[in-house]
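Since every read-out is calculated from the coordinates, none of them should be taken as a lab result. Everything numeric here is computed off the predicted structure, so don't read it as measured data. Quick reminder, even Gly has a Cβ in these numbers, built from the backbone with ideal geometry, and neighbours come from all protein chains shown.
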Amino acid sequence: MKLRYEKSVRVMSDIMGYCHLIGCNRFKVDFEMKETTTEITIVAEVPNITEKQLKEMTKLLNMPRQHEVEQYYWNISGEEEIDNELSLAGMMTDEATVDYAEGVLTVTVLRCEDSSEA
Amino acid sequence: MQERRPAHAHRHWRQRLNAYDLILISLGLFVVAALIADPPIAILYGLWNIFTHTGHLLTDYVAVGGVGAALINAVITGLCGVGLMHRSDAKPNGAIIMALWLTIGFSFFGKNIFSMAPILYGVWLYSRYQREPFRNYALVALLSSTMCPIVSEFNYSGLFDPLFAFVGSGLLGILVGFFIPIISAATNRVHGGYDLYNIGFAGGIIAMFIVAVRNSLGLPVAPTLEVSDGNNLFFAILLYVLFAMWCGFSLFDERRETILPDQKRIAGHSGRLVTDYFLLYKESAFLNMGIMGIIGTTITLVLGAPLNGVSIAGIITMMGFGVFGKHPRNCLPVMAGAVLFACVNQTPLTTPSNIAAILFCTGLAPISGQYGWAWGMLAGVLHTAIVAHVGQVTGGLNLYSNGFAAGFVALVLVPVILAFRRGKEET
C-alpha cells in the first residue's frame, strides 16, 4: 500500500478535527505503524458529548473499508476546519472502537494494509 | 437429516438484488425503449456513426446516431462498467453507483466503449505499476472516461493519416489513463471537496495542456455543435419511468419505516466530498436519486429546453449524485442562481450551454449545503458565467467541462466565504 504514513496521518487528523468540533481542546495520541497494520488511539477530553453524537461517531468510523474511494479521495481527508463528518476516515479504516467515560473520549482505529497486491 | 439451505435462500428476492442488478434492470428499460424508437438496422447504423464520430463537446449522440443508437450506446457502456466493477471485485457503494450513472449519462454525449477502452487500459497499467489491485483504481477508471474525446477526436478529426490516427489516439488514451489517477488525486485538495466533479477539474487541466500543444503545432481542435430536438415526449416518458423505478427501489430497504426519515437526514448533509448516502442509508438513498432525476427533468421541461443528449447527461448525472452528495436542499439554490444568470446573459435561456450549466452546476451543491442558499445561488451565477469560457480552453476534449468550471468557482468562492465567516466570528 502506497502513501501508508500520509493516509494514516489524514485519518488521525480527521478524527482529531471531529473531536475539536465537538468541544475538545486537549488530545493524547498514540500512533503505531506495524508491518501490516497501523493503529491509532486518540484520547480526548470532551466535557459534553451526547449519546446521539457517540452513536453517530461509532457508526461512521465503522463503515466498511472502501479501497477504491480511499485511493481517489484520501487527499480530501484531514480538512478539519470545515464540515467534518468522519465518513472518509471510516472508509479508510478496518476496525474502530469508541468509548466515553468521565469526560474522556477514547477512539481507536485500525488500518490493515491491502494484502491483495497485483 | 434436514438439508442445509444456503443463507441467501431465506432472503426475499428483493434483498438478493444488489445495486448492480438494479442498474442492469434500468439498462433493460433502455433496450426496450431503443427497440420502440428505432428498428435494429437503424440502431446498428447509428452505432457505427457514434463510434466513428469525434465526440467532443458539444456532440449529442442522439443527433449523431438517433434515439435508439444513443440508448444502446448507453447500455453497452453501462454493461461494460458493471462488468468491470464485478471483475475487479468492487462492491457497490455510493461513489461507484454515481460513477456508473455518470458513465451511462455521458454515453448520450461523447462516451463510447471504443474511446473509453484505451483510457481504462492506461489506468490498469498504472495500477500494475503501483503493484496495487485494480479494484483500488476501479472508481477512478470509470470516472476517467471524461477524457474520451481525447481518443475519438484524435482518431476521427481527419487531421492525421488513418493508421497514425488509430495508433496515436490509442497511445494518447493510454497515456492519459496512466496519469489521471495521479492528477485527479491532487486536484481534490484544490477545491477541498466542494466540487463534486473533481475528475472534470483534473480532466480539464489535462485537456488544456493537450490543446495548448496541438495549437502550438498548428493542429487545433475544431469546435463542433450537434444537438438534437423534437424527442421531448419520448425521453420524458422514459426518464420519468426510470426515476419512478429508482424511487420504487428504495422499498427494497428492509427498514421501510426509515425511508422517509432518511430523506430528512440526507437533506441534513452538506454533500461535501465524501458523503456516501448509500453506505449511510442503504436503499433509502435510491428515493433521493429518483427525486433528483425528477427535479432535473421537470426543470428542463419547464424552461422549455429540449430533452437531448446534453440535457439527458445532466439529468442522469443529477440522479447518480443523488446517492453521493446531492439532494434537493443543496441543489435547488445553485440551480436558481444558474437560471437567473442564464436569463440575463447574452445567449438564449434554452441554448445547450445554458441548459448544461443549469443542470451541471449542481456539482457545487456542497457550497449551498454547507454555507447556505445565498452562497449557493452565487455559486450558480459564477458557474454559469465561467463555464462557457473554460470550455474554449479545453477545446471540448474534457466531457465534464462543468467540473472544470466548478473547480475554479469553489477555489475562489470557498476561501472568500471562510474569510467572511472568520471576520464575523471575530467581531
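Observations on the model:
- Helix axis angle, A:51-61 relative to chain A longest principal axis, alpha carbon, degrees: 10 degrees
- Each residue in B:Trp373, B:Trp124 was given a count of other beta-carbon atoms within 10 angstrom of its own, and listing them fewest first yields B:Trp373, B:Trp124.
- Residue of A:Glu56, A:Glu39, A:Glu102 that the Gaussian network model of chain A assigns the largest fluctuation, springs spanning Cα pairs under 10 Å: A:Glu102
- Within chain B, the whole DSSP H helices whose Cα atoms reach 18 Å or more along their own axis and whose mean Kyte-Doolittle score is at least -1.0 are B:19-37, B:67-87, B:113-129, B:162-191, B:198-216, B:232-249, B:285-302, B:328-344, B:373-393, B:401-426.
- Per-residue Cβ neighbour counts within 10 Å put B:Glu254, A:Glu95, B:Glu132 in the sequence B:Glu254, A:Glu95, B:Glu132, beginning with the fewest.
- Here the stretch A:2-112 is assigned +1 on the Cβ of each Lys and Arg and -1 on the Cβ of each Asp and Glu. Its dipole about the Cα centre then comes out at about 160 debye.
- The alpha-carbon positions of the stretch B:263-369 define a convex hull whose volume is 82 Å³ per residue.
- Along each principal axis, taking the top coordinate minus the bottom one, the Cα set of the protein assembly as shown gives 77, 71, 47 Å in descending order.
- Across chain B, the longest run free of exposed loop sites, meaning trypsin sites (Lys or Arg not before Pro) lying outside DSSP classes H, G, I, E and B with no more than 12 other Cβ atoms within 10 Å, spans B:256-427.
- Cα-based shape type of chain B, given that a ≥ b ≥ c are square roots of the gyration tensor eigenvalues and the cut on a/c is 1.5: rounded
- B:Ala222 versus B:Val416: modelled label distance in nm, points set 7 Å from Cα along the beta carbon direction: 3.9 nm
- Rounded to 10°, Cα long-axis angle of helix A:4-21 versus longest principal axis of chain A: 20 degrees
- When you restrict to C-alpha pairs under 8 Å that are six or more residues apart and normalise by the size of chain B, the relative contact order lands at 19 percent.
- Within-12-Å neighbourhood charge of B:Leu139 [Cβ basis; K, R +1; D, E -1]: -1
- Over the stretch A:2-112, relative contact order from alpha-carbon pairs under 8 Å, at least 6 apart, %: 34 percent
- Stretch in chain A that is longest and holds no trypsin sites (Lys or Arg not before Pro) that DSSP places in a loop and that have at most 13 other beta carbons within 10 Å: A:35-118
- Difference of contour (0.36 nm per residue) and Cα-Cα distance, B:Phe179 to B:Val31: 49.8 nm
- Residue-averaged [θ]222 nm for chain B, counting only DSSP H segments that reach four residues, each worth -39500 (n - 2.57): -22500 deg cm²/dmol
- Residue exposure sequence - B:Ser157, B:Ser152, B:Ser127, B:Ser311 - by fewest surrounding Cβ within 10 Å: B:Ser157, B:Ser127, B:Ser152, B:Ser311
- Net charge of neighbours whose Cβ lies under 11 Å from the Cβ of B:Pro352, counting Lys and Arg as +1 and Asp and Glu as -1: -3
- Each Lys and Arg adds +1 at its Cβ and each Asp and Glu adds -1 at its Cβ; summed about the Cα centre, chain B shows a dipole of about 1080 debye.
- Equivalent ellipsoid, the stretch A:2-112 (semi-axes from 5 times Cα gyration tensor eigenvalues, Å): 22, 14, 13
- Working from label points 7 Å from Cα in the Cα-to-Cβ sense, the A:Glu56 to B:Glu254 distance is 2.5 nm.
- Local electrostatic count at B:Phe408 - Lys and Arg +1, Asp and Glu -1, tallied over other residues with Cβ under 15 Å: 0
- Unit charges on C-beta of K, R, D, E only; dipole of the protein assembly as shown, Debye: 460 debye
- With N as its number of residues, the stretch B:131-222 has a Cα radius of gyration that, divided by 2.2 N^0.38 Å, comes to 1.18.
- Approximate shape of the stretch B:171-297 as ellipsoid semi-axes (Cα gyration tensor, √5λ), whole Å, largest first: 37, 23, 12
- Values of log10 I(q)/I(0) for the stretch B:289-425 across q = 0.10, 0.14 Å⁻¹ run -0.29, -0.57, by the Debye formula with one identical scatterer at each alpha carbon and no solvent.
- B:His86-B:Cys343 FRET efficiency (beta carbon distance; Förster radius 41 Å; 0.05 resolution): 0.35
- Seen through its C-alpha gyration tensor, with square-root eigenvalues sorted a ≥ b ≥ c, the stretch B:70-137 comes out oblate because a/c lies at 1.5 or above while a/b is not bigger than b/c.
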